[in-house]
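Engineer: Here's a structure for you.
Taken together, the values in this text are just the output of simple stated rules run on the coordinates, not laboratory data. Here the structure is a predicted model, which means the values were calculated and not measured. Quick reminder, even Gly has a Cβ in these numbers, built from the backbone with ideal geometry, and neighbours come from all protein chains shown.
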Ligand code: TXA
Ligand code: MG
């Protein structure tokens, strides 16, 4: 099991120092960010970055996000600073936004899976920032989970997924946003949202004008296009997204054993025999708690989860994106 270093109290500075030393000497460290926990390594050291792929079981074709402290450090990783980069970072950095820009030659190919572009994020979480400061290097970090599993929002989630494969986890409590950063590709015109996240499309368009979002989908597709979607962000249990109206029949169609229900409205009244988690009806708070709910259902060992279909609209987009990837269609 990995050692979990708490960050409250007087040992906090020593914990950061220890983690920074590990990063500088080429190891990987799990650490909190405002989105989800990341598994970090020195982004400029190809051997260190390889350890991330190995620990996660991540395919080498999937590039990583590089975390830096500020805009100058971001520019140093880029061969050409695109239009809109300053405006976007001015509006949303530090915070849950990653920008994809042409990569500098100093960034090892393994970080970008051989692509000519690199994804960069300036995190706001004080622990992530303290770690960057103390390490003195950019930190490549994907979410700190085994490939294709649900991202971790607590140190305990990281321990469960990667504990046998890494040495150190910095424990900064529960991640605040709870969903991975919005990824915007600035190497194309118009810019393109590659992954919806806590910074909504409307917020981005308010700053840089109209953007592409090829993943944009009518949320009813969630239920209507089975088999089209890459499996990702999946819990162990089979997840079904069910409208409140269909909830009773979906329940009736299943045996009463081992069912989990994740609901957010009073329109769904799960039965007593089910494991029940109620989430807030507010999009931000829902997003913050969704992964923890999926982890908790796996912890309770349910075989199937019926999840009440969330509301629609711009601020729910990232939630629907992750659910779509996690769900098995009915
Ligand atoms: O919130 C987050 O972004 C978290 C925390 C730890 O910062 N990290 C995270 O990393 O979610 P990961 O590896 O799970 O997701 C990175 C995403 C992937 O969808 C990847 O394909 C995309 O960013 N990405 C990375 N570099 C890219 C590039 N050069 N071009 C296009 N997409 C890229
Ligand atoms: Mg991930």
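Engineer: Only helical DSSP H runs with n ≥ 4 go in: add -39500 (n - 2.57) per run for the chain, normalise by residue count and round the 222 nm mean residue ellipticity to 500 deg cm²/dmol. Could you put the intermediate results ahead of the total?
Structural biologist: Details: 12 runs with 105 residues, N = 330.
Computed ellipticity for the chain at 222 nm equals -9000 deg cm²/dmol.
Engineer: Now for a different question. Among 199-211, 180-192, what's the highest-first ranking by average C-beta atoms within 10 angstrom per residue? Walk me through the numbers before you get to the answer.
Structural biologist: Working: 199-211: 16.0, 180-192: 20.7.
Going from most to least packed, we get 180-192, 199-211.
Engineer: Can you grab the distance from the C-alpha centre of the stretch 80-111 to the C-alpha centre of the stretch 161-180, Å, no decimals?
Structural biologist: Value for the Cα centre distance between the two parts: 24 Å.
Engineer: Quote the Stokes-Einstein diffusion coefficient, in whole µm² s⁻¹, for the chain, based on the Kirkwood radius over alpha carbon pairs, a temperature of 10 °C and a viscosity of 1.306 mPa s. Working shown, then result.
Structural biologist: Details: Rh = 20.3 Å.
The diffusion coefficient I find is 78 µm²/s.
Engineer: Within 10 Å, count the other beta carbons around each residue, average over each peptide in 137-150, 297-310, and list them highest first.
Structural biologist: Numbers: 137-150: 23.4, 297-310: 19.5.
Result, highest mean Cβ count within 10 Å first: 137-150, 297-310.
Engineer: Of the beta bridges DSSP finds with both residues in the chain, what % are antiparallel, to the nearest 5? It would help to have the intermediate numbers written out before the result.
Structural biologist: Numbers: 17 of 44 bridges.
The antiparallel fraction comes to roughly 40 percent.
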